[in-house]
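Below is one structure, written out as structure tokens; comments come after it.
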Amino acid sequence: MITVGLVLSAGGMHAAAHHAGVLSALTEATGWDPRTADVIVGTSAGATSAITLRAGFGAADQANYYIGRPLSPDGQALVDRVTTPYDLPATPPRPESLRPANPLLVARGMFGRGRPRPVVALAGLLPEGTLDGTLFRERAEQFHPARWPDRPTWICAVDLDSGRRVVFGRDDVDADIGTAVQASCAVPGFLRPVESVGHRYVDGGIHSTTNADLLTTLGLDLVVVSSSMTAVRGLDTWPGGPLGRAWHSRTLVREVEAIRRRGTAILVLEPTAADLALRGTDNLDPSSNGEVCETTRISTLARLAHPASVRARGLLATAAAQDRDLVP
């Protein structure tokens, strides 16, 4: 049996459109249905995409949703369940207090064990966000009414008090899917931290926008990474590009190297120059989502056609053949 892990990154609304384009291309090129992934790791926007997959929202419908094409009857029925509007303001409101959320994270993020995590340190210096992110919880619960998906689904957040990554669905943390998604999407300084069982949780992207390292030791045959906040080689360095993109790209490189050392095949699907040209600097701007999705679909098909992707393509085709009976 071929086992496949799927990683869906952070990155705002553009990430969700990016994931839809990637997933649609994977199905188109190989027949593999991402709903059957043996484990899905979702961070922030990737957490919302993960839950739509586990609810049964297929890859073609995800792309059609962003491009504006008709959905399948099953896909439309899922979308019709969501009644909470996505109405976040374009700019965050002024914080109620300028007091840092947790200054101790500066030391923990920069001088703690392991690789420095400057984004964790920054999250500690920012004031707590004041905007209510309940819409993420409500929309997740409307899409996926069950407390948690039947198949392994790991949603990443960060404990604002300790600075440690928390993986809902894997760690011994009592939370339902709505709480997990809201926590994973709680951008520091913008959205209010999610309080649950005495802890404050914020966006898992401050630890890593991908968190692909979680799949290193599982012994999977293939890991597919859809990464929206990094870029293909040549566009992933600083000062040639944004410092944040370079940092996130380097983090992903480390995660990929760790997975490969274990003998697992890995397919990383990142924005190309054409993809990045559409996006601008505001990840929350929905106006280009359709173009982002379609351009990502095309660039992913090109990547899958490259000889370097032969092994991954073959594994996905084999997985598709064995998993057809498991589609929700």
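Summary table
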| read-out | value |
| --- | --- |
| Folded to 0 to 90 degrees: helix 243-261 orientation relative to the chain principal axis, Cα | 60 |
| Sum of -39500 (n - 2.57) over DSSP H runs of 4+, divided by residues of the chain (222 nm, nearest 500) | -13000 deg cm²/dmol |
| Most to least accessible of 148, 32 (protein chains only, probe 1.4 Å) | 148, 32 |
| Carbon/sulfur fraction of accessible area - the stretch 132-263, other protein chains in place, 1.4 Å, % | 48 |
| Ellipsoid equivalent to the chain - semi-axes via the Cα gyration tensor, in Å | 28, 22, 20 |
| GNM result for the chain, Cα springs below 10 Å: residue of 86, 66, 201 fluctuating most strongly | 86 |
| Fluctuation leader among 173, 106, 119 - the chain, Gaussian network, Cα springs under 10 angstrom | 173 |
| For residue 200, residues with placed amide H under 5 Å, excluding near neighbours | 160, 161 |
| Average Cα contact separation per residue, the stretch 9-58, under 8 Å, 6 or more apart, as relative contact order % | 49 |
| Most mobile listed residue (51, 298, 206) in the chain, GNM with C-alpha springs under 10 Å | 298 |
| Cα Rg, Dmax, the stretch 231-286, angstrom units | 13.0, 39 |
| Extreme residue, positive dipole direction of the stretch 103-247, given options 202, 182, 116 (C-beta unit charges) | 116 |
| Distance between the stretch 103-155 and the stretch 35-62 - C-alpha centres, whole angstrom | 18 |
| Rounded if a/c under 1.5, otherwise prolate or oblate - the stretch 215-328, Cα gyration tensor axes | oblate |
| Computed magnitude of the charge dipole of the stretch 122-184 (debye, nearest 20; Cβ of K, R +1, Cβ of D, E -1) | 260 |
| Contact order normalised by residue count of the stretch 1-125, Cα under 8 Å, 6+ apart, percent | 20 |
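The values are calculated or read from the model by the stated rules, or taken from the named source; none is laboratory data. Computed from a prediction, not measured in an experiment: that's the story for all the values here. With ideal geometry, Cβ positions are generated from the backbone for all residues, glycine too; neighbour counts draw on all protein chains shown. For accessibility, only protein heavy atoms count, side chains too; no ligands or nucleic acids. Shrake-Rupley method; radii C 1.70, N 1.55, O 1.52, S 1.80 Å.
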